[in-house]
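Here is the structure we will look at.
FYI, it's all coordinate maths here, none of it is from the lab. Just so we're clear, the structure is a prediction, and the values are computed from it rather than from any experiment. Cβ coordinates were reconstructed from backbone atoms using ideal geometry, including for glycine residues, and neighbour counts include every protein chain displayed.
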Amino acid sequence: MDHIILPSGDNLKTLLSQSKITKADVKSILRQRGVFCSSDEKSNTVPLLMKSLISPLEFNELVEKIKTKEHSSKISMRTLEWDSKDTLIDAIGGDIDLTDLIEDPFSNYEISFISDF
């Protein structure tokens, strides 16, 4: 059995204020306790949980939500219109070395494949 000290006070506020914990997550915990708020904003709901603390089960659920959201793939795609007779590759030029454009020694990604569209 793990011995975990549950967060309280400012530590609990820091946990609940993380962007990976949504206002719906906080509101759900309150609803399970029978506490209903007219506003679901974190500025109104987090103080209620700070006063009543969280259970070990609720703490584990919040930590798992943070871990899940940290490890999920972040892919963003959108369609852009191209208004030219030239193809995009012809307009840009086909010989671009992206590794020279991205010089970040602390990057947590790499370019593994560049498609020809």
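Figures for the structure shown
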read-out: Under Karplus coefficients 6.51, -1.76 and 1.60, residue-wise ³J(HN,Hα) of region 59-65 in Hz, glycine/proline x; value: 4, 4, 4, 5, 5, 5, 5
read-out: Check: region 9-71 dipole with +1 on Lys, Arg Cβ and -1 on Asp, Glu Cβ, in debye; value: 80 debye
read-out: Neighbour-count order for K67, K42, fewest beta carbons within 10 angstrom listed first; value: K67, K42
read-out: Calculated from backbone phi, Karplus (6.51, -1.76, 1.60) coupling profile of region 48-55 in Hz, x at Gly/Pro; value: 5, 6, 5, 6, 9, 6, 10, 7
read-out: In Hz, Karplus ³J(HN,Hα) per residue of region 32-39 (6.51, -1.76, 1.60; θ = phi - 60°; x = Gly, Pro); value: 4, 8, x, 9, 10, 10, 6, 10
read-out: For D25, D97, D83, order by how many other beta-carbon atoms lie within 10 Å, fewest first; value: D83, D97, D25
read-out: FRET efficiency, D40 to L80 (Cβ-Cβ, R0 25 Å, nearest 0.05); value: 0.10
read-out: Chain lengthening between T68 and A24 when straightened (0.36 nm per residue, less Cα-Cα); value: 14.3 nm
